[in-house]
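Presented below is the structure to which this report refers.
Please treat every number below as a calculation from the coordinates, not as lab data. Keep in mind that this is a model prediction, so the values were computed, not measured. Here Cβ is always computed from backbone atoms with ideal geometry, including for glycine, and neighbour counts include all displayed protein chains.
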Amino acid sequence: MTTELIDRPVTTVPFDPIAQAIADVEGLPEPVIDQEVRTKELVIVNWSGELDRVWPMLILSSTAAASGLRARVFVTFWGLLPFVRDGVRITGDNWMQKMLAAMQRPGIDHLKTTKMNFLGMGPWMMGRLAKQHNVASPRELLEAAQALGVEFVPCQMTMDMLGLHHEDLIDGMAEPAGAATAIEIMTQADASLFI
């Protein structure tokens, strides 16, 4: 496993002539010009593929990106299934992996709820309520998050365990990473969430 250095966007502090004039008069040290300011970063660990956990993860990550934060989501275990391509129904290389995929259909449009699933009635009712209250669907939020630059990092160990391949996943996913990389990006971020 390799660990990559994080390249964060840099902005500069603009020259303020009033602050400079006050500093000259009062004998204060001159303000530092062209000082690097680090962009704040939010990292979310998404371990669940259920509607009521995927929805908030997408809302928070897209809102963070729209607010100017760097947003990254480390996607692991069942949280990886919503990121499987639409046309891929059964994933895996052996019978156990394929059986798991058959029991928990992958894809952003096939999410169950953690409680009150009621053979699909729960997600259907949540979708109806979302439309009535102008809440974007998980698919719409995923597209918005990707357009805003949210980086979705799949867990390599989970991909291996479930028999998922990079080509099974939707376009725009980052290169798979392991736990060490996830810990590195979480400890360097300004805020980390586990959803």
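Partner lysines whose Cα lies under 23 Å from the Cα of K131, excluding those fewer than 8 positions away in the same chain, are identified as K112, K115.
Between T114 and E175, the modelled labels are 3.3 nm apart [label points 7 Å from Cα along Cα→Cβ].
Averaging the sequence gap over all C-alpha pairs within less than 8 Å and six or more residues apart, then dividing by the number of residues, gives the stretch 40-194 a relative contact order of 34 percent.
Listed by chain and number, the lysines whose alpha-carbon sits under 18 Å from that of K40, ignoring those within fewer than 8 places in the same chain, form an empty set.
Working from label points 7 Å from Cα in the Cα-to-Cβ sense, the W95 to E36 distance is 5.6 nm. Ranked by the mean number of other Cβ atoms within 10 Å of their residues, highest first, the peptides 42-48, 188-194 come out as 42-48, 188-194.
Given charges of +1 on the Cβ of Lys and Arg and -1 on the Cβ of Asp and Glu, with all other atoms neutral, how large is the dipole of the stretch 40-194 about its Cα centre, in debye to the nearest 20? Mind showing how you got there, number by number?
Numbers: 13 positive and 16 negative charges, 126 e Å.
Charge dipole of the stretch 40-194: 600 debye, to the nearest 20.
Listed peptides 118-125, 69-76, 57-64 appear in the order 69-76, 57-64, 118-125 once ranked by packing, highest mean of other Cβ atoms within 10 Å at the front.
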